Amino acid sequence: MNILWLTWKDHGHPTAGGAEVVLRELSRRLIRDGHSVTWLTCGYTGTEQLESIDGINIIRIGRNRYIHSLQAFTYYARKLKDKFDIVIEVVNTAPYFSVFFGKKSRRFLFYHQLAGSVWFHEARPPMSYVGRYVLEPLATRLLSRADVKTITVSESTKRDLAHFGFKKERTHIISEGIQLKPIPRLGSIEKFTDPTILSLGALRAMKRTMHQISAFERARQQMPNLRLKIAGSAEGSYGHKVLNRINQSPYANDIEYLGKVTEQTKIQLMQKSHLIAVTSIKEGWGLIVTEAASQGTPAVVYDVDGLRDSVRNGETGIITTQSPGALAEGILTMLENQEQYSRMREAAWRWSKQITFNNAYKDFKKILEVA
């Protein structure tokens with residue numbers, strides 16, 4: 001079959017994340033099975049308008065994220081409409097509304113997550129209020145009227161979509177997948193000498209790194225040898241606030257900021273740290289949680305969309321309410337009970353082995369009804 005993805009970022013985009021990894025892995029497997037795959041996406045510095053990567057035909061239209069969906073839709077309507085057997089629109093804040101056009105193609109929507117309250121952390125007023133209470137709700141309700149099959153990666157996002165009118169029987173969940181290969185044995189790695197919390201990812205407001213620092217300071221009062229390692233780029237005003245907060249901390253000597261790290265260093269940190277703390281406003285799934293679990297490190301996370309899907313509370317990690325105090329209690333609960341820690345660590349590691357792109361692709365093919 002001839003398959004088109006509409007997505008504003010490809011896997012090489014400077015801000016690409018887990019969502020783009022999922023699309024790439026699904027596309028690779030479609031190509032392996034004999035299908036033709038094209039991505040209509042947004043351009044960025046150093047790229048060509050037309051390119052082929054891993055067998056994926058990439059068409060890049062425009063470079064402005066905010067008007068890209070309009071530019072791409074215009075291009076699609078003029079040159080691509082009805083030329084594909086299947087069109088899959090990845091909805092990431094600004095939809096293309098392709099589901100209302102092109103009768104000859106089978107059409108699908110793909111949601112990793114809705115932005116929701118992320119608007120308040122990634123945009124300034126009044127745009128944050130307009131996006132949160134006007135633009136996204138209107139667009140989501142309008143897309144629900146198309147009544148097409150919708151694909152997502154977690155029960156949290158499925159519930160979110162149902163709130164805006166998406167039919168539960170038409171919304172399908174596929175497994176997530178991780179690129180990291182789980183370690184062969186838990187005993188094959190050695191942890192840091194001191195109990196260590198890992199904070200991993202770009203220092204963005206929606207990740208709430210400041211909460212992790214506050215939680216660490218509270219837990220550190222009761223666990224004198226506790227350490228915190230923070231890895232991720234610190235661009236923008238929030239990143240600078242985090243760096244200033246680290247310098248002003250009474251436990252600054254126990255906090256290490258590593259900046260943006262290589263993939264190899266990321267894996268080493270996951271293996272050697274005792275737990276990973278994740279405090280995002282919301283996620284589609286929480287891939288970083290599953291990746292850390294695959295390397296033998298359980299998580300303490302906030303009770304938000306996506307993270308409550310990637311952690312089984314009390315079994316593979318700990319889910320807390322959204323406050324540094326609760327997070328600190330979760331950290332201490334996990335680290336002070338060695339028997340419980342070992343049990344959660346093993347359960348998380350074993351579960352991570354089931355979160356594969358091969359399983360995701362099996363689910364995906366059934367929804368698309370392709371061989």
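Projected onto its three principal axes, the C-alpha set of region 186-352 covers 39, 35, 32 Å, listed from the longest axis down.
Apply the a/c threshold of 1.5 to the C-alpha gyration tensor of region 48-194 and tell me whether it is rounded, prolate or oblate. It comes out prolate by the Cα gyration axes.
Sequence-ordered 3J(HN,Hα) estimates for region 278-290 from the Karplus curve with 6.51, -1.76 and 1.60 and θ = phi - 60° stand at 10, 10, 4, 4, 6, 9, x, 9, x, 4, 4, 5, 5 Hz, glycine and proline given as x.
Exposure proxy shown here: for Y76, Y341, the number of other Cβ atoms within 10 Å sets the order, fewest to most, as Y341, Y76. Per residue, the average separation of C-alpha pairs within less than 8 Å and at least 6 apart gives the chain a relative contact order of 14 percent. Ordered by the count of other Cβ atoms within 10 Å of each Cβ, fewest first, W5, W285 give W5, W285.
Rounded if a/c is under 1.5, else prolate if a/b is larger than b/c, else oblate: which is region 115-208, with a ≥ b ≥ c the root eigenvalues of its Cα gyration tensor? Oblate, because a/c is 1.5 or more while a/b does not exceed b/c. Loop-located trypsin sites (Lys or Arg not before Pro) in region 206-308 (DSSP state other than H, G, I, E, B) with a sparse environment of at most 15 neighbouring Cβ atoms within 10 Å: K260. Computed from Cα atoms alone, the Kirkwood hydrodynamic radius reported for region 286-371 is 13.7 Å. In the chain, one over the average inverse separation of all distinct C-alpha pairs is 21.6 Å, which is the Kirkwood hydrodynamic radius. For the chain, the 222 nm mean residue ellipticity estimated from helices alone, with every DSSP H stretch of n ≥ 4 adding -39500 (n - 2.57) and the total spread over all residues, rounds to -11000 deg cm²/dmol.
Over the Cα atoms of region 114-272, each weighted equally, I'd like the Debye log10 I(q)/I(0) at q = 0.19 Å⁻¹, rounded to two decimals. For region 114-272 at q = 0.19 Å⁻¹, log10 I(q)/I(0) is -1.14.
The alpha-carbon atoms of region 213-256, seen along their principal axes, cover 33, 17, 16 angstrom, with the largest extent given first. The trypsin sites (Lys or Arg not before Pro) of region 19-122 that meet both conditions, a loop assignment by DSSP and at most 14 other Cβ atoms within 10 Å of the site Cβ, are R63, K83, K103, K104.
The ranking of S310, S233, S154, S249 from fewest to most other beta carbons within 10 Å of each one's beta carbon is S233, S249, S154, S310.
Only the coordinates and a few stated rules stand behind these numbers; no lab work does. These numbers come from a predicted model, not from an experiment. Positions of Cβ are backbone-derived with ideal geometry, glycine not excepted, and every protein chain shown enters the neighbour counts.
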